[in-house]
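> Okay, here's the structure, questions in a sec.
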Amino acid sequence: MSDGGTRPTVVVVTGLSGAGKSQALHALEDLGFFCVDNLPTLLAPQLVALCERGGMSRIALGIDVRVRAFLGEVGSVLQLLEAGGQHEVQVLFLDASDERLLHRFSESRRPHPLSAESGHEGALAVLDGVRIERERLAPLRAGATRIIDTTNTSVHELRRILVAHFGPASGEAPRMVTRIVSFGFKYGTPVDADLVLDVRFLENPYFVPELKPLTGLDEPVKKYVLAGPETQEFLWRARELLEYVLPKYEREGKSYLTIAIGCTGGRHRSVTVAEALARDLSASTGAPISVLHRDTHRGDVAPPSERVERPSSPDDTHDERSSVLELKGITTPPPASTAAPSKGARGSRS
């Protein structure tokens, strides 16, 4: 069941064939709606009840002329869905000009759902099908809470319209999930990174003996990295950039944004900068920012006197070559190579 704070939202997506109903349902699905297309209208109240029992409070139903005989029951079904004000029901009607619909059917080479009823073939069948469809959907159009004319609207523009109406900016959808990932360039760039920032120009704690075995999470390394004027200017400029682009990504309907910050080994500079940037960005935007440090466990983190020699194993070289897939935080190394390891490899640097 949904929580008592908000009413469950039911969006009925309808309109003319070829006007963009499928694209609208895809956009709503990306916004967190549970979507069902071509559902017989009489089953809609039961479906909504089942979804509520399963904890789903945002539901989108695709209803059009394909439901045929059930179309006449739409009015009474909408009243049942409202349930005396317990549900917020919105009817989204997608429309377009006859010429544009004819052009789209011509491009897709698909027949109109009602073309068989017109008694014609080709373009005449599509136009007659559109005419019959307009007549049958007239009651739904008259009761629509929003009508979108897609005659001159692209798929991307339609998505932006729906994101603005149902997305995070409307206050109805969860905000975009943003995370900052620190990494080492020597181990490869995260494959899911949307933005990559390189901090290898900053002073490197790796070359300070007492800081080398530490990571960017340790206070001495933090003080060393953040004390530099270049670090402070970088943080300011990066924060200005991200404060500008984050709302734009959210407006476009992006559900996840990964910002990757890299240094050579991913243990010192990138870690400290990622932590500082996440803290500042979260304070200035109010958005939750998660932080992941991908490569802090790599390399020698213990001082030479504390290192313990252990027998080598086939897994050692495999781990050094692994390329991390940053999907849901799961590390997935590639298959082990059969090639012999190269000789004379250079020492690691962070």
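The values are calculated or read from the model by the stated rules, or taken from the named source; none is laboratory data. Predicted model, so just to flag it, every value in this text is computed and none were measured. Positions of Cβ are generated from backbone atoms using ideal geometry, with glycine treated the same way; all protein chains shown enter the neighbour counts. Note: areas computed on protein heavy atoms with side chains; ligands, DNA, RNA excluded. Shrake-Rupley method; radii C 1.70, N 1.55, O 1.52, S 1.80 Å.
> If you add up the charges near E29, with Lys and Arg at +1 and Asp and Glu at -1, over every other residue whose beta carbon is less than 12 angstrom from its beta carbon, what do you get?
So the surrounding residues net to 0.
> I've got another one for you. Relative contact order for the stretch 169-290 using alpha-carbon pairs under 8 Å, separation at least 6, rounded to a whole percent?
Rounded, it is 49 percent for the stretch 169-290.
> Also, quick follow-up: Please compare each pair in K223/K254; K21/K254; K212/K254 to a cut-off of 28 Å on the Cα-Cα distance and tell me which ones are over it.
K223/K254; K212/K254
> Same structure again: Please list 3J(HN,Hα) in residue order for the stretch 130-138, calculated via the Karplus relation 6.51 cos²θ - 1.76 cosθ + 1.60 where θ = phi - 60°; whole Hz, with x for glycine and proline.
Ordered by residue, 3J(HN,Hα) equals 5, 4, 5, 5, 4, 5, 6, 8, 4 Hz.
> From largest accessible area down, sort Y249, Y244; use a 1.4 Å probe on the protein chains.
Largest accessible area first, the list is Y244, Y249.
> For the ranges 226-232, 20-26, 186-192, what's the packing order if you count other beta-carbon atoms within 10 Å of each residue, average per peptide, and put the highest first?
Ranked from most to least packed, the peptides come out as 20-26, 186-192, 226-232.
> Here is a follow-up. For L292, which sequence-distant residues (separation of 5 or more, or a different chain) have an amide H within less than 5 Å of its own amide H, given hydrogens modelled in the peptide plane?
Answer set, sorted by chain and number: I180, V181, S182.
> Right, something else. Note down the nm distance, to one decimal, between modelled labels 7 Å out along Cα→Cβ at S97 and at L195.
4.0 nm
> For labels at Q90 and E230 in the simple 7 Å Cα→Cβ model, what's the distance in nm?
Calculated label separation equals 4.9 nm.
> Still on this structure, please answer the following. Treat each spin label as a single point 7 Å out from the Cα along the C-beta direction, and report the R237 to R134 distance in nm.
5.7 nm
> Same structure, new question: Which net charge results when you count Lys and Arg as +1 and Asp and Glu as -1 among the other residues whose beta-carbon is under 9 Å from that of V13?
Every neighbour counted, the sum reads -1.
> Right, next: Given an 8 Å cut-off on Cα distances and at least 6 residues of separation, report the relative contact order of the stretch 196-261 as a percent.
42 percent
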